[in-house]
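S.K.: Got a structure here, written out as structure tokens. Questions coming.
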Amino acid sequence: MVRAYFARASDLMTDSDPTDESLLAAFRQTSDPAILDHLLRRHLPRVRSMIGQLVLNDFDADDLTQEVFLRAVRGLSQFSGRARFSTWLYRVAVNLSRSFLARRGRAPPGGNGQCVEPAIAPQEGPSQQAAQHELEYAIEQALAALSDKLRTAVVLVHFQGLSVQEAAEIEGCARATMYWRVHEARRCLKKQLKEYLA
């Protein structure tokens with residue numbers, strides 16, 4: 001249905017894969033829920049991954065991901081387009097995660113071994129699997145020890161692969177500030193994980 005709409009709406013796009021902005025414009029013109037569904041689904045994996053790496057708990061990450069998309073749908077009429085849609089959506093995810101952690105009154109617990117992507121490829125034998133789980137646990141603990149801002153910086157730039165500029169836009173800070181946060185987060189992580197980096 002989404003592609004059929006875009007086949008008719010050549011003034012909105014020329015590609016076979018519509019941009020976020022084209023989908024948003026099409027949804028605003030038609031109110032077609034399939035278009036909105038397509039727009040949000042394309043961001044679901046990254047938003048879920050990002051939240052998981054920020055709160056370090058799969059159950060909380062699932063709940064928060066659902067809340068992010070509910071807020072996005074409710075707030076879509078206020079989205080002005082000054083930033084890219086993805087930047088706006090990721091900002092909602094970061095702010096909601098940060099609020100959740102603040103309500104808890106502490107850093108994320110870490111240690112469920114599932115929220116951080118494996119740093120090395122899984123191995124076959126039991127001793128390699130045990131070493132892999134130990135490393136994943138250590139990474140989660142090191143992330144949990146970072147301040148919210150440093151953890152967010154390293155998650156956005158290194159784990160999610162966003163540019164420093166986009167991460168700065170999401171956080172509402174200067175690019176130089178984001179560079180410093182990434183540098184400081186990496187320094188702290190190296191210190192925490194030095195026994196695994198030798």
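The values are calculated or read from the model by the stated rules, or taken from the named source; none is laboratory data. This one's a predicted model, so the numbers in the text were calculated from it and none came from an experiment. Heads up, the Cβs are rebuilt from the backbone with ideal geometry, glycines too, and the neighbour counts pull from every protein chain shown.
S.K.: Got a sec? Which of ALA144, ALA168, ALA138, ALA102 is part of a helix (DSSP H, G or I), hydrophobic (A, V, I, L, M, F, W, C), at pLDDT below 95 and farther than 22 Å from GLN192 by Cβ?
M.R.: Just one listed residue meets the conditions, ALA102.
S.K.: Search region 121-135 for residues that are assigned to a helix (DSSP H, G or I) and pair each with any residue that is modelled with pLDDT of 75 or more and surrounded by 12 or more Cβ atoms within 10 Å (Cβ to Cβ) when their beta-carbon atoms are under 7 Å apart and the residues are at least 6 apart or on different chains.
M.R.: LEU135/TYR196
S.K.: Among the numbered criteria (1) in contact with a Leu (Cβ under 6 Å, 6 or more places away or on another chain); (2) loosely packed, with under 14 Cβ neighbours inside 10 Å; (3) among the small types (Gly, Ala, Ser), which one does ALA167 miss?
M.R.: Failed condition: (2).
S.K.: Pairs, please: C-beta under 7 Å, at least 6 apart or cross-chain, first residue under 14 Å from THR87 (Cβ atoms) and in a loop (DSSP other than H, G, I, E, B) and in region 151-163, second among the hydrophobic types (A, V, I, L, M, F, W, C) and modelled with pLDDT of 95 or more?
M.R.: Cβ pairs passing all conditions: GLN160/MET50; LEU162/LEU156.
S.K.: Quick check on THR87: is it over 19 Å from the mean Cα position of the chain (by Cα) and among the hydroxyl-bearing types (Ser, Thr, Tyr)?
M.R.: No, not satisfied.
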